[in-house]
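Peer 1: What follows is a single structure, and I will ask about it in a moment.
The values are calculated or read from the model by the stated rules, or taken from the named source; none is laboratory data. Treat the numbers as computed from the prediction; the structure is a model and nothing was measured. Please note: Cβ atoms are built from the backbone with ideal geometry, for glycine as well, and neighbour counts cover all protein chains shown.
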Amino acid sequence: MSATKQDVRSRDTLGASALRPDGVAKVTGAFSFSSDMWAENMLWGATLRSPHPYARIISIDTTPALLISGVSAVLTAQDVPGKATYGLISADQPVFASEYVRYMGEPVAIVAADHPETCRRALEAIIVNYEVLTPVVDPELAMLSSTELIHPDGNLIRHQHIVHGDPNAASDITVEGNYTIGMQDQAFLGLEAAMAFPDSGGNGVELHIATQWLHEDRGQIAACLALPEENVRLVLGGVGGAFGAREDISLQVHCCLLALRTGKPIKMQYSREESFFGHVHRHPAKIWMKHHATKDGKIVKIESRMVFDGGAYTSTSPAVLINGITHTQGPYQCDNAIVDGYAVRTNNPPCGAMRGFGVVQACFAHESQMDLLAAACGLSPVDVRLKNAMRTGDKLITGQTVESVAPVERCIRETDAIPMPEPMSQKANVLEFPGGSGRTADRHNIIRGVGWGVSIKNLMYSEGFDDYATARCTLSDGVASLKFATSEVGQGFVTLAPQIARSVLGIDEVVLETSDTQIGSAGSTSASRQTWMSGGAVDGACRLVRERLFEHVGKLHNIDPIRLMVENTDIIDTVGTFRISVSDATQGITISETFEHHHRKTEDLDENGQGNCHVAFAFVAHRAVVDVDVELGLVKVVQIATAQDVGRVLNPLSAIGQLEGGIAQGLGLAVMEEIIMDNGRVKNPSFTDYLLPTALDAPRVVAIMIEEPEPQAPLGAKGIGEPPCISVTPAIVAAIRSATGKALLRVPVRPQDICL
Amino acid sequence: MNDPIGNEMYSLHVNGQDRAVMDAWVGESLLYVLRERLGLPGAKGACEQGECGSCTVLMDGDAVCSCLVMAATAVGSEIVTVEGLVEQNPTMAVTAHAITSQVTDVQQAFITEGGVQCGFCTPGLIVAVHHLLDKNPDPTELEVKESISGNICRCTGYGRIFAAVEAVVQVRKANS
Ligand code: FES
Ligand code: FES
């Protein structure tokens, strides 16, 4: 693929609403998503999946499939040349199930054929004999020592205990609750898709893939293929959203295996139904939480027990669990705590990363608790939160000091100051009623409610992981070209990176090279980390280039380089009159520098859950206004007011898009989105039955971005991707509670939870 | 490609041109034929069930989900995909401040108002919005929401998409 040329706008530097360089391609249909690839002589790949959540495989007969005209290959576990399993944290997930299938939809075989329909027929022809077993689907049961182990690594994926301060601290008031969070799907629009090209000779493969982390994929793929990493080249295919669901391997290894076996390019893409089985989901969780407080509402101690259902394989469960339990207190001061968290293996679909990563679950519990506490002490939801609001320098229940800018109080106050929406007008169209186009709500049964949610979210990776991102900047003839392996999944790093280069280097024209594995890792596009990490890498590379440019100019014009600086598009002498445009100064020369940005080190938690395990934190407040038809249990979210701690706004247009998009996903979890499980079986793997927010469900969002630059962050900006979707969910549920008086201890809130 | 399962031959009228489809399997959707046989991958498949609108194209002036149309039944219809919009709307082709390519006013507004993130929903939405504004040049906010409620966008939360539609309506009003 060739480099993409940037359109030139006047000074689209940091802080400007620079437009997406891929915008034209995306609006005209010319942008190539990974599913849009096509190659001469290509074959289609497809996957046979287990219909059972738990079963023993007695036999697999692939011969009938191989007899079908147009079928080129049928592969099963015995055809994996390298490592039989993969995984982000623990390689416990088989490329193909061999002895046991452990969740409904687990891959058993793959085929390559000349047409998707031929693939379908081939899959149908494969004969698998199963001995169907009783699935273990309740994590509480799965943890018991009397329960059979459904995986050689055991049923308990991780347990972590936290004890902080005085576990016996006494208080005047206690409030407690048992909360349930349902299984949410990332539901990115661009289904899993990839194209693999085998090297002639079969000793290597090039995979074009929509992923969040090229290098991590490469390592896992190469191990399964038994190829050296350098023989596995990954190129980022156009990514149609990710939200965590592309952090794990899905079809990567399969696609490469088929390409290597057939010697032909292989195109694989999942259907929507298959996608529901093909990637990990947000962990369903059960959380018990008890707050101890003084009479006037100051938190004294929190106790909690959290159980995350990890499903059949580990994925990122250990990290999700740690995020959950280390955010137990929310954005509030708390000196004493006892928390136990469990991530458990079951025969449910594997769960892993999704925007918010464990904090979503904890936040629903702690924010529900804050409202109970408010009621118990006669405080308003706002006052109880202000009273306990965390500040920079406060300690977490892990003993870690929050060094990040922590404008929690400001987030709450500025959200509170946003005007409330008008009451529903007498002339309101039925489409604006709860239930929308169902047109069933009765105006007289509609009650309005208001609710609050505030959250803290860690940024970047935790627990000692040496997290880094790499970028290269090459400056020549007034044009900067940037190279990085950062996955653009829609978030807009391709917009931001040129902004950084323009700001640092004083050039306008920036070219982005292909994102692939021909440079060092950028880490994953997750954990709200790319602006900070890859942004830091681009910034660092550009600064190194600038330093060398100053040396070059200084030498040529006999000026000490230390006196030079960039002003707009010129290099100037700060103590003289010398001035030259960067474009002129770089004619005929090429300067190239690569920079690796590492964030500061973090530590593991000890057995008491103490340690500086996180890097930095961001905060946000949400206030939700809802209309509820209390008879029918229908909800319309009218307005979301929010003030978010962003550090610094680098691109206002991109930033608001992150806030609004995150809010819609949090709304989905609050009132509509859930993968419904029945004894290990997914009941609703389609967009007909898994409901997503549409344009009619979108609330009016009134957003304030709080800019207090973060000293630790290379650009002063915090990650902003995850916070918007976290506390909006409890805020909406609190609003429904205030309209209905119901306890509503689970999300999503279903009509029957309201009206029955 | 040797394709033993299909031998259908027909011709579709797409973006003003007659396009021959050869050796097709009769069960192929219009979406599949556009994308895989005619080299027009602009329309996207994200549910293949008529639920997401990513595959929206115009068929005889109506916005349809091309995943639900059997390609062989589209013979004789006038089909316009996102790739054909600039030509179909020649008077609206603009060269924006930041955009040097030819795009329609709707396409431009999606870029300048921030209506595009991953962009997977975008082609379908662009076609749907063109269709809406052709039929109803001055829609109310609710009409806009209703008319695009069959187009799922997972990234934007729709706010910037509403802004894009509003911007087009205002510009068109000012120009008329
Ligand atoms: S792919 Fe046609 S509506 Fe979703
Ligand atoms: S921009 Fe990603 S789905 Fe709409």
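Peer 1: Yes or no: A:SER59 more than 14 Å from chain B (Cβ to nearest Cβ), surrounded by fewer than 20 Cβ atoms within 10 Å (Cβ to Cβ) and not in a loop (DSSP other than H, G, I, E, B)?
Peer 2: yes
Peer 1: Still on this structure: Take residues that are hydroxyl-bearing (Ser, Thr, Tyr) and away from chain B (no Cβ under 14 Å) and tell me which of the strands (runs of 3 or more DSSP E) falling wholly in region A:135-212 contain 3 or more.
Peer 2: It comes to A:173-181.
Peer 1: Still on this structure, I have one more. Give all pairs with beta carbons closer than 8 Å in which a residue from region A:142-157 that is farther than 15 Å from A:ALA343 by Cα meets a residue that is at pLDDT 95 or above; count only pairs at least 6 apart in sequence or on separate chains.
Peer 2: Once the first residue is farther than 15 Å from A:ALA343 by Cα and sits in region A:142-157, its partners that are at pLDDT 95 or above give A:THR147/A:VAL136; A:THR147/A:LEU141; A:THR147/A:ASN155; A:GLU148/A:VAL136.
Peer 1: Which helices (runs of 4 or more DSSP H) sit wholly inside region A:308-400 and have at least 2 residues that are within 18 Å of the chain's Cα centre (by Cα)? Let's see the steps before the verdict.
Peer 2: Details: elements: A:317-326, A:359-377, A:381-388.
In region A:308-400, the matching helices (runs of 4 or more DSSP H) lie at A:317-326, A:359-377.
So that you can scan it fast, the table gives a plain yes or no per residue for (1) in a loop (DSSP other than H, G, I, E, B); (2) among the acidic types (Asp, Glu); (3) surrounded by fewer than 23 Cβ atoms within 10 Å (Cβ to Cβ):
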| residue | (1), (2), (3) |
| --- | --- |
| A:GLU488 | yes, yes, no |
| A:VAL504 | no, no, yes |
| A:THR525 | yes, no, no |
| A:CYS542 | no, no, no |
| A:ARG548 | no, no, yes |
| A:LEU556 | no, no, yes |
| A:ILE571 | no, no, no |
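Peer 1: Shifting gears a bit: Find all pairs meeting these conditions: Cβ atoms under 9 angstrom apart; at least six residues apart or on different chains; first residue within region B:149-167 and more than 9 Å from chain A (Cβ to nearest Cβ); second residue within 9 Å of ligand 2 (Cβ to nearest atom).
Peer 2: Taking only residues 6 or more apart or on different chains, the pairs are B:ALA163/B:GLY115; B:ALA164/B:GLY115; B:ALA164/B:VAL116; B:ALA164/B:LEU125; B:VAL165/B:GLY115.
Peer 1: May I pose another question? Take A:GLY399 and decide whether it is within 24 Å of A:ILE726 (Cβ to Cβ), among the small types (Gly, Ala, Ser), away from chain B (no Cβ under 14 Å) and touching a strand residue (DSSP E or B) at 6+ places or on another chain (Cβ under 6 Å).
Peer 2: Details: within 24 Å of A:ILE726 (Cβ to Cβ): yes; among the small types (Gly, Ala, Ser): yes; away from chain B (no Cβ under 14 Å): yes; touching a strand residue (DSSP E or B) at 6+ places or on another chain (Cβ under 6 Å): no.
Judged against the criteria, A:GLY399 is not a match.
Peer 1: Considering only region B:138-152, state which residues are among the aliphatic types (A, V, I, L, M) and within 16 Å of ligand 1 (Cβ to nearest atom).
Peer 2: Within region B:138-152, B:ILE148, B:ILE152 meet the criteria.
Peer 1: Would you confirm whether or not region B:17-40 contains a residue that is within 13 Å of another protein chain (Cβ to nearest Cβ), surrounded by 17 or more Cβ atoms within 10 Å (Cβ to Cβ), within 16 Å of ligand 2 (Cβ to nearest atom) and basic (Lys, Arg)?
Peer 2: Looking for residues that are within 13 Å of another protein chain (Cβ to nearest Cβ), surrounded by 17 or more Cβ atoms within 10 Å (Cβ to Cβ), within 16 Å of ligand 2 (Cβ to nearest atom) and basic (Lys, Arg), one finds none in region B:17-40, hence no.
Peer 1: Of all the residues that make up region A:70-81, how many are in contact (Cβ under 8 Å) with a residue 40 or more places away in the chain and either of a type in the set (S, T, N, Q) or over 18 Å from A:ILE266 (Cβ atoms) (or both)?
Peer 2: Residues in region A:70-81 being in contact (Cβ under 8 Å) with a residue 40 or more places away in the chain and either of a type in the set (S, T, N, Q) or over 18 Å from A:ILE266 (Cβ atoms) (or both): 1 in total.
Peer 1: Kindly indicate which of B:ILE161, B:ILE126 is within 16 Å of ligand 1 (Cβ to nearest atom) and outside the structural domain of B:GLN49 (by TED's automatic domain parsing).
Peer 2: B:ILE126
Peer 1: Select from region B:46-64 the residues that are within 12 Å of the chain's Cα centre (by Cα) and within 16 Å of ligand 2 (Cβ to nearest atom) and list them in ascending order.
Peer 2: Here is the first cut: in region B:46-64, the residues within 12 Å of the chain's Cα centre (by Cα) are B:53-59, B:61-64.
B:GLY53, B:SER54, B:CYS55, B:THR56, listed by residue number.
Peer 1: Among the candidates A:ILE249, A:ILE209, which residue alone is among the β-branched types (Val, Ile, Thr), more than 16 Å from ligand 1 (Cβ to nearest atom), under 17 Å from the mean Cα position of the chain (by Cα) and at pLDDT 95 or above?
Peer 2: After applying the criteria, what remains is A:ILE249.
Peer 1: Would you pick out the residues in region B:148-176 that are more than 16 Å from ligand 2 (Cβ to nearest atom) and not in a helix (DSSP H, G or I)?
Peer 2: B:SER176
Peer 1: Considering (1) within 16 Å of ligand 2 (Cβ to nearest atom); (2) charged (D, E, K, R); (3) more than 11 Å from chain A (Cβ to nearest Cβ), say which one B:ASP138 fails and leave the rest.
Peer 2: It fails just one condition, (1).
Peer 1: Just one of (1) more than 16 Å from ligand 2 (Cβ to nearest atom); (2) within 21 Å of A:ASP248 (Cα to Cα) trips up A:SER487, so point out which.
Peer 2: (1)
Peer 1: Also, quick follow-up: Just to check your reading of the model, which residue among A:PRO81, A:PRO64 is surrounded by fewer than 23 Cβ atoms within 10 Å (Cβ to Cβ), under 14 Å from A:GLU124 (Cα atoms) and assigned by TED's automatic domain parsing to the domain that holds A:ILE127?
Peer 2: After ruling out the rest, the residue left standing is A:PRO64.
Peer 1: Cβ-Cβ under 6 Å, sequence separation 6+ or interchain: first residue in region A:521-549 and in the same structural domain as A:ARG472 (by TED's automatic domain parsing), partner part of a helix (DSSP H, G or I) and among the polar types (S, T, N, Q). Which pairs?
Peer 2: A:ALA522/A:SER534
Peer 1: Pull up region A:433-453, narrow it to residues that are more than 31 Å from the chain's Cα centre (by Cα) and within 14 Å of chain B (Cβ to nearest Cβ), then point me to the one that is surrounded by the most Cβ atoms within 10 Å (Cβ to Cβ).
Peer 2: So, considering only residues that are more than 31 Å from the chain's Cα centre (by Cα) and within 14 Å of chain B (Cβ to nearest Cβ), the one surrounded by the most Cβ atoms within 10 Å (Cβ to Cβ) is A:PHE433.
Peer 1: Being assigned to a helix (DSSP H, G or I) and either among the β-branched types (Val, Ile, Thr) or in the same structural domain as A:GLY662 (by TED's automatic domain parsing) (or both) is the filter here; which residues of region A:229-274 pass it?
Peer 2: A:VAL253, A:THR262
Peer 1: Could you please find all residues in region B:26-66 being within 13 Å of ligand 1 (Cβ to nearest atom), touching a strand residue (DSSP E or B) at 6+ places or on another chain (Cβ under 6 Å) and either assigned to a loop (DSSP other than H, G, I, E, B) or assigned by TED's automatic domain parsing to the domain that holds B:SER149 (or both)?
Peer 2: Within region B:26-66, B:ALA43, B:GLY50, B:CYS55 qualify.
Peer 1: If you don't mind, there's one more thing I want to ask. Test of understanding: among A:GLU603, A:GLU631, A:GLU674, which residue is of a type in the set (Asp, Glu), more than 27 Å from A:VAL320 (Cα to Cα), assigned to a loop (DSSP other than H, G, I, E, B) and more than 13 Å from chain B (Cβ to nearest Cβ)?
Peer 2: A:GLU631
Peer 1: Further, regarding this structure: Can you name the residue in region B:65-85 that is farther than 22 Å from A:GLN269 by Cβ and facing chain A (nearest Cβ under 10 Å) and, of all such residues, is farthest from ligand 2 (Cβ to nearest atom)?
Peer 2: B:GLY84
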